[in-house]
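Readers should treat all values here as calculations from the given coordinates under stated rules, not as data from a laboratory. Values in this document were obtained by computation on a predicted structure and should not be read as measured data. Backbone-built Cβ (ideal geometry, glycine too); neighbour counts: all protein chains shown.
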Amino acid sequence: MQREIPKVYDYEDLQKRIYQRWLNKKAFAAIPDERQNSYVIMMPLPNVTGALHMGHAMDNVMQDLLIRWHRMSGDNTLWMPGTDHAGIATQAVVEKRLFELEGKTRHDIGREALVARIWEWKDRYQHRIIEQLQRMGCSSDWDRIRFTMDRICTAAIRETFFSMFKDGLIYRGIRLVNWDCQLQTAVSDDEIVYEAVLGFFWHIRYPVIDPRPGEPESVVVATTRPETMLADTAVACHPEPERALAEQIEKVKHRLSMVHGKEKVSLEQELNNLLERKQTILPLLEQLVTMAQDGRQILLPLQERAIPLICDEWAKPELGSGCVKITPGHDPNDYDVWQRHHQNIDILNILNPDGTLNNNAGAYAGLDRFVAREKVITALETQGLMAKIEKRDVEIGHSDRSKT
């Protein structure tokens, strides 16, 4: 009996049968032998957050091309497959579905039930990812597939980290991290998205302790997050404000010589502002430098804590009052200042993992950070310590995972 040839090419059936034959014959298996030439690619592990996308398709096709070329050239060839946990992202996806489908949070179902659901998600999408790769014809050694949190990988990770710690190659230290208050985990710099939002610059007066005749009674600094002032450990002024202003003036003059039109008008205004600051603000900044060198202190409002006036180039004489508050526990630039002055200033953290304030915040302990902000602003205004409030567009970091 003759088999009728289909009029339309049925790739679904044919490709599936061919690929299954390859799997049955262990055509992609990599077995150590005596060959001198070997060739290995570790597949960049797809995250089990969902299905593969076009980027995976392009990347894996190129790897498959290289693997098949070396395999047919006689090299002992391994394409090592696997999948990655993407812990925070996978948790966020599972929690989102849990809320959308059942109206529940992870706190409603508990830790064990949430972990079980995440593993269930992983199993389902790992199977889907492997199926997608196989339908593309990827010639990985599927008997070797690993998941980054399986028993073998986690044992290897623990062994590696313990050995490195024992050899002094890794160590624990105080570090400033990006913290997601909703997911309650640290996130990397490339998982932070900065968005311009309508915000404010709050200009706050910090009283000088025991001011001498002719000295200022307070130092004004500006902040976009007034609640963080509760963790301030210093106020900084530039060590050479005259030089810094002169350099800025020369930069603007140079740019002025190269532009025309509206941009020139804007730069002329900037230059006039700098020249005016040289007359009005520079004398005060030079006085503050002398006070800082004498070891003078100022009073941190609301906390009634003495903190030092220091000199550091992070302060910009061309901006604001020319002084900046130093909050090492809550700002990366201030953290760098602390590392330069760690013998003279402290580092404080006022946040709990959930975004409420801890005991270091004094009377504001237990409040959510945004509630504390409003209370801090009110208290500063009541005590006459709020010099000015200025509307500004500010760049605020958001977690790419939780969007908070």
Exercise. Kindly work out what percent of the DSSP beta bridges joining two residues of the range 64-220 are antiparallel, to the nearest 5.
Key: 75
Quiz item: Roughly how tilted is helix 151-166, in degrees to the nearest 10 and between 0 and 90, from the longest Cα axis of the chain?
Solution: 40
Practice problem: Would you compute, from DSSP H runs of 4+ residues alone, the mean residue ellipticity of the chain at 222 nm, taking -39500 (n - 2.57) per run and dividing by the full residue count, rounded to the nearest 500? | Solution: -13500 deg cm²/dmol
Quiz item: Can you tell me the Rg and Dmax of the range 209-297, counting just the alpha carbons, in angstroms?
Solution: 16.8, 51
Quiz item: Given labels modelled 7 Å from the Cα in the Cβ direction, how far is it in nm from Lys7 to Ser163?
Solution: 6.5
Self-check item: Per-peptide average of other Cβ atoms within 10 Å, ordering 71-78, 314-321, 221-228, 254-261 highest first
Solution: 221-228, 314-321, 71-78, 254-261
Practice problem: Would you give the gap between the C-alpha center of the range 128-207 and the C-alpha center of the range 212-283, rounded to a whole Å? | Solution: 39
Quiz item: In straight Cα distance, which lysines are under 25 Å from Lys26, not counting same-chain residues fewer than 8 positions off?
Solution: Lys16
Practice problem: Just the number, please: percent antiparallel of the DSSP beta bridges in the range 234-344, rounded to the nearest 5. | Solution: 75
Self-check item: Per-peptide average of other Cβ atoms within 10 Å, ordering 325-331, 282-288 highest first
Solution: 325-331, 282-288
Quiz prompt | Enclosed volume per residue, in Å³, of the convex hull spanned by Cα atoms of the chain | solution = 285
Quiz item: Among the listed pairs Lys96/Lys122; Lys104/Lys403; Lys325/Lys403; Lys253/Lys388; Lys375/Lys403, which are separated by more than 22 Å between their Cα atoms?
Solution: Lys325/Lys403; Lys253/Lys388; Lys375/Lys403
Practice problem: Report the local net charge at His341: Lys and Arg +1, Asp and Glu -1, summed over other residues whose C-beta lies under 11 Å from its C-beta. | Solution: -3
Quiz item: Once the principal axes of the Cα atoms of the range 219-267 are found, what is the range along each, listed largest first in whole angstroms?
Solution: 46, 25, 13
Quiz item: Going by alpha carbons, how many degrees (0 to 90, nearest 10) lie between the helix axis of 87-102 and the longest principal axis of the chain?
Solution: 80
Self-check item: In degrees, nearest ten, helix 111-135 long axis to first principal axis of the chain (Cα)
Solution: 50
Self-check item: Centroid-to-centroid separation of the range 109-127 and the range 82-100 [C-alpha atoms, Å]
Solution: 9
Self-check item: Fraction of beta bridges assigned by DSSP in the chain that are antiparallel (%, nearest 5)
Solution: 75
